[in-house]
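Each reported figure results from applying straightforward, stated rules to the coordinates on display, with no laboratory input. These figures come from a predicted structure and were not determined experimentally. Positions of Cβ are backbone-derived with ideal geometry, glycine not excepted, and every protein chain shown enters the neighbour counts.
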């Protein structure tokens, strides 16, 4: 009998699916496991469409659904045609996970859940409270990854920098411990909140030979009024300060930044503030999302709804800016030699050091 796995959503989901695949028991019927995402209404729809398509192609297979959409709306997921079982998370403990075998890099989950409760977000209900594994456990997992020949690890989490809630340890101490794992040559920190990107972390990454000058940082809005409505824990001035601090220590840093457009109450002037802020900040890439209403969140009840057409226009404008920023960033490294890990395909030149 065959068991297949399908993953939607973030790096944490990929780490968890890979772990499930390694540990999944033998099946007595063809089985399909779908690890779902629920960050937006579009993500929910994508999950439903995937499950429907898998059921049409494999009508006799047992479909098991897990992940954020299953957690947030288990009854609706269980009622979907073809779904045999819904697996829910245990919020009382941290479930370790890492990915291997499907790509050059490994995603190592160091933290799960979130206590921030931003006004637009359902993560607290889908993922539960902030929790983490211990430094000793995570070092052991990194050593297991290294033993399989993997050279790069991406540290993942729902709120990665919030590591330590359940073990009273510090994120910076985790970084120091991982830096000493033999066999791993590169680390990246994924999705760290700007208020948790401390001087100590920046200084350490700048001094380390393994931690890469690459940061994925959520901004969500370049307008302080909208940041307040979102219940974010920083201002644009604080965000700009963190970027400047990183660039002072690591001038060639790649910054990927998340932005939401069309949040309730966002006026044209608010959006233009965001556009100008990003134009001055000059990150390397923008991840742009039109605001999605999530039932049960404070933002869902806010006045001043922005029409989808206006949100789409704003998203397109930022997407165009993102393309310009990316081309500007990569053009700085034309004709430079450096070391790289190839994700796939064939190198364009054979003397490139890898």
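Calculated from the alpha-carbon coordinates, the range 150-249 shows an Rg and a Dmax of 14.3, 47 Å respectively.
Using helices alone, I'd like the mean residue ellipticity at 222 nm for the chain: each DSSP H run of four-plus residues gives -39500 (n - 2.57), total over residue count, nearest 500.
Values: 12 runs with 135 residues, N = 354.
Calculated from helices alone, the mean residue ellipticity at 222 nm is -11500 deg cm²/dmol.
With viscosity 1.002 mPa s and temperature 20 °C, the Kirkwood radius over alpha carbon pairs of the range 74-231 converts through Stokes-Einstein to a diffusion coefficient of 125 µm²/s. The antiparallel fraction among DSSP beta bridges confined to the chain stands at about 10%.
Per-peptide packing, taken as the mean over residues of other Cβ atoms within 10 Å, places 112-124, 56-68, 300-312 in the sequence 112-124, 56-68, 300-312 from highest down. How large is the direction-averaged shadow of the alpha-carbon convex hull of the range 212-337, in nm²? For the range 212-337, averaging the hull's shadow over all directions gives 8.3 nm². Listed peptides 13-26, 221-234 appear in the order 221-234, 13-26 once ranked by packing, highest mean of other Cβ atoms within 10 Å at the front. Please grab the % of Cα pairs in the range 284-345 that end up more than 19 Å from each other. Taking all Cα-Cα pairs of the range 284-345, the fraction more than 19 Å apart is 57 percent.
May I have the convex hull volume per residue, in Å³, for the Cα set of the range 1-140?
Values: hull volume 17.1 nm³, N = 140.
Per residue, the Cα convex hull of the range 1-140 comes to 122 Å³.
Between the beta carbons of residue 302 and residue 147, assuming R0 = 35 Å, the FRET efficiency works out to 0.10 to the nearest 0.05. Using equal-weight Cα scatterers in the Debye expression, the normalised intensity of the range 197-264 in log10 at q = 0.19 Å⁻¹ is -0.76.
Evaluated over the Cα positions of the range 3-86, the convex hull gives a direction-averaged projected area, one quarter of its surface, of 5.0 nm².
So what's the projected area for the range 256-317, the Cα convex hull averaged over all directions, in nm²? Please list the in-between numbers first.
Numbers: hull surface 17.2 nm².
In nm², the orientation-averaged hull projection of the range 256-317 is 4.3.
Can you give me the relative contact order of the chain as a percent, contacts being Cα pairs under 8 Å and 6 or more apart?
That works out to 12 percent.
Set the Förster radius R0 to 56 Å, insert the Cβ-Cβ distance between residue 317 and residue 26 as r into 1/(1 + (r/R0)^6), and round the FRET efficiency to 0.05. Before the final figure, lay out each step's value.
On the way: r = 52 Å, r/R0 = 0.93.
Here the calculated transfer efficiency is 0.60.
Under conditions of 4 °C and 1.567 mPa s, the chain yields 60 µm² s⁻¹ as its translational diffusion coefficient, taking Rh as the Kirkwood radius over Cα pairs in the Stokes-Einstein equation.
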